[in-house]
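Report on one structure; see the data block that follows.
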Amino acid sequence: MANEGSAEVRNWLSEHAWPLAGVVAGAPVDDLRPLGKALDGVQVVGLGEATHGTREFFQLKHRLFEYLVTELGFSVLAMEASESAAPAVDAYVRHGVGDAASVVSGLGFWTSRTEEVVALVEWMRSYNEGRPAAEQVGFAGIDPQRCSTSVDVVRAAHADADWLEEFDAKLGALRDASPGSAPDPERKVVRDAEKLLGFLQGEQASAEVLLHAEILVRAAELVARPRQHDDPAETVFAARDAFMAGAVGRLVGDDPAKRVAVWAHNGHLAASRETAELHPMGWHLRKRFGSEYYALALVFGSGFFRARRLWPGPWPGKLDGPVVSNEIERGGFNSLEGQLAAANAGDHLLDLRSAASAPTAVKRWLEEPHVFRSYGAFVSRWTYKMQFAPTHLTREYDGLAYVATSTPSRPLE
């Protein structure tokens, strides 16, 4: 990119950024009002994260969700967490059943078992207290994996010893099975789960039991899908994102007034991906909701984040190493984060949809491929510091939130 174009891009980024007064919830919301205007007409907004272990991402998403609820009428938080265990969180935020730390811990992932997520759930409970059901906010999980609660609920629907023995033999392993752990082109476990669901429907089982039986069908599909396949659409990764998008769609239903916030990794929220056949959740949401879906990616400059650290190369054995803090220095100017920081060093938001009226050099820059930091639950020892992921900004995201410094999320005791 020419120097003149670079300066034009840097000026545009600087002029169109909305500085954030802070990331902690409870502050005045004047700095968030431009986001409110950008979300006019949006029914589903994705709140992303470049890592699963950054405290500031979680705090900012808490702050943004409070704003979405109190100022824009959003009523559901859908999290990349166990679809099976989430009803317990919803029961807590609506009715005070249990306690926040316990129900959050039950979501099944170390990534959400943090003080920051508990603080958000406690705020949801505080907001709901004393409000009629129609005015309350709800919590939902959208990930079919980690379905032990569903196994228990369906199992408890029958007391017959022979029935329970058959259930345990065919579907009991779903309790602890990981996605892609038992690839099966014949999909036997899926057919068994579908048969169970049909049986329970014929028995006119309760709505709760049927809900959990449907989750078991989706969980079985993930277990039976391969991690690698000649057709990327057949992999467990494609199925998982499609299932998560379907869960969001069911939350919205046919209600044009229903507004849902989705908490997930940037990679899931993207409306496109370099591998065209491997559609992320955001692709499905864009297909259904069009411009009424808004994907906000959260990125960071430097600091520390939590993740499981693994040896580079093929990963042997179980992926159950310790969760540790990992350090990242600032990316160079050529990285997306470096260019955002050069234009605006502080925490800020940027609406990419506003680029429709931007200068030609800016539009060209937005259409070019970029690289940015992207980490999941695992990072490779040593080499993670050199890891960048490709992105085409305006194809994948509608907005960016830049956090200058990342510190590790704080695990529950």
Seminar exercise, completed: Note on the stretch 275-285: residues assigned to a loop (DSSP other than H, G, I, E, B) and either open to solvent by less than 10 Å² (accessible area, probe 1.4 Å) or among the acidic types (Asp, Glu) (or both) are GLU277, PRO280
Exercise. Going through the stretch 286-302 one residue at a time, which ones are in a strand (DSSP E or B) and open to solvent by 10 Å² or more (accessible area, probe 1.4 Å)?
Worked result: SER302
Exercise. Is there any pair linking a residue in the stretch 333-354 that is under 21 Å from ARG63 (Cβ atoms) to one that is outside any helix (DSSP H, G or I) and acidic (Asp, Glu), with Cβ under 9 Å and at least six apart or on different chains, and which?
Worked result: ASP351/ASP398; LEU352/ASP398
Exercise. Of the conditions (1) open to solvent by 10 Å² or more (accessible area, probe 1.4 Å); (2) in a helix (DSSP H, G or I); (3) not acidic (Asp, Glu), GLY22 fails just one. Which one is it?
Worked result: (2)
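Condition check ((1) more than 25 Å from MET79 (Cα to Cα); (2) among the basic types (Lys, Arg); (3) surrounded by fewer than 21 Cβ atoms within 10 Å (Cβ to Cβ)) across all residues:
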site: GLU166; (1), (2), (3): yes, no, yes
site: ARG175; (1), (2), (3): no, yes, yes
site: ARG191; (1), (2), (3): yes, yes, yes
site: ALA205; (1), (2), (3): yes, no, yes
site: LEU211; (1), (2), (3): no, no, yes
site: VAL223; (1), (2), (3): no, no, no
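Picking from ALA247, ALA295, which residue would you name as being within 21 Å of GLY376 (Cβ to Cβ), touching a helix residue (DSSP H, G or I) at 6+ places or on another chain (Cβ under 8 Å) and touching a residue at least 40 places away in the same chain (Cβ under 8 Å)? Give the derivation first.
Working: ALA247 fails: touching a helix residue (DSSP H, G or I) at 6+ places or on another chain (Cβ under 8 Å).
Result of the check over ALA247, ALA295: ALA295.
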Problem set entry | Enumeration of residues in the stretch 393-413 that are of a type outside the set (Asp, Glu) and within 24 Å of GLN43 (Cβ to Cβ) | LEU393, THR394, ARG395, TYR397, GLY399, LEU400, ALA401
For this session: Kindly check whether there is at least one residue in the stretch 101-111 that is under 30 Å from LYS61 (Cβ atoms), open to solvent by less than 30 Å² (accessible area, probe 1.4 Å) and among the polar types (S, T, N, Q).
Result: yes
For this session: Determine whether the stretch 328-351 contains at least one residue that is more than 19 Å from ALA264 (Cα to Cα), at pLDDT below 90, assigned to a strand (DSSP E or B) and open to solvent by less than 30 Å² (accessible area, probe 1.4 Å).
Result: no
Problem set entry | Residue match in the stretch 39-62 (condition: touching a Phe, Trp or Tyr at 6+ places or on another chain (Cβ under 8 Å), free of Cβ contacts under 8 Å to residues at least 60 places away in the same chain and in a helix (DSSP H, G or I)) | no
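Could you check the stretch 66-75 and list, in sequence order, the residues that are crowded, with 22+ Cβ neighbours inside 10 Å and outside any loop (DSSP other than H, G, I, E, B)? First the steps, then the outcome.
Looking only at the stretch 66-75, we keep the residues that are crowded, with 22+ Cβ neighbours inside 10 Å, and these are 68, 74.
Result: LEU68, single match.
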Exercise. So, of the residues in the stretch 150-162 that are open to solvent by less than 50 Å² (accessible area, probe 1.4 Å) and modelled with pLDDT of 95 or more, which turns out to be farthest from SER84 (Cα to Cα)?
Worked result: VAL154
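Considering ALA50, ALA81, ALA88, ALA134, which residue is crowded, with 19+ Cβ neighbours inside 10 Å and farther than 26 Å from VAL324 by Cα? Write out each step before concluding.
Working: ALA50 fails: farther than 26 Å from VAL324 by Cα; ALA81 fails: farther than 26 Å from VAL324 by Cα; ALA134 fails: crowded, with 19+ Cβ neighbours inside 10 Å.
Of ALA50, ALA81, ALA88, ALA134, the one residue that is crowded, with 19+ Cβ neighbours inside 10 Å and farther than 26 Å from VAL324 by Cα is ALA88.
Among residues belonging to the stretch 273-287 that are more than 17 Å from LEU47 (Cα to Cα) and free of Cβ contacts under 8 Å to residues at least 24 places away in the same chain, point out the one that is farthest from the chain's Cα centre (by Cα). Talk me through it step by step, then tell me what you get.
Restricting attention to the stretch 273-287, the residues satisfying the condition of being more than 17 Å from LEU47 (Cα to Cα) are 273-279, 287.
Still in the list and also free of Cβ contacts under 8 Å to residues at least 24 places away in the same chain: 276, 287.
Working: ALA276: 20, LYS287: 18 Å.
Among those residues, the one meeting the criterion is ALA276.
The values are calculated or read from the model by the stated rules, or taken from the named source; none is laboratory data. Owing to the predicted nature of the structure, the values given are computational and were not obtained by experimental measurement. Because the Cβ atoms are built from the backbone with ideal geometry, glycine has one as well, and the counts that use them run over all protein chains shown. Heads up: the accessible areas ignore ligands, DNA and RNA and are worked out on the full protein's heavy atoms, side chains in. Shrake-Rupley method; radii C 1.70, N 1.55, O 1.52, S 1.80 Å.
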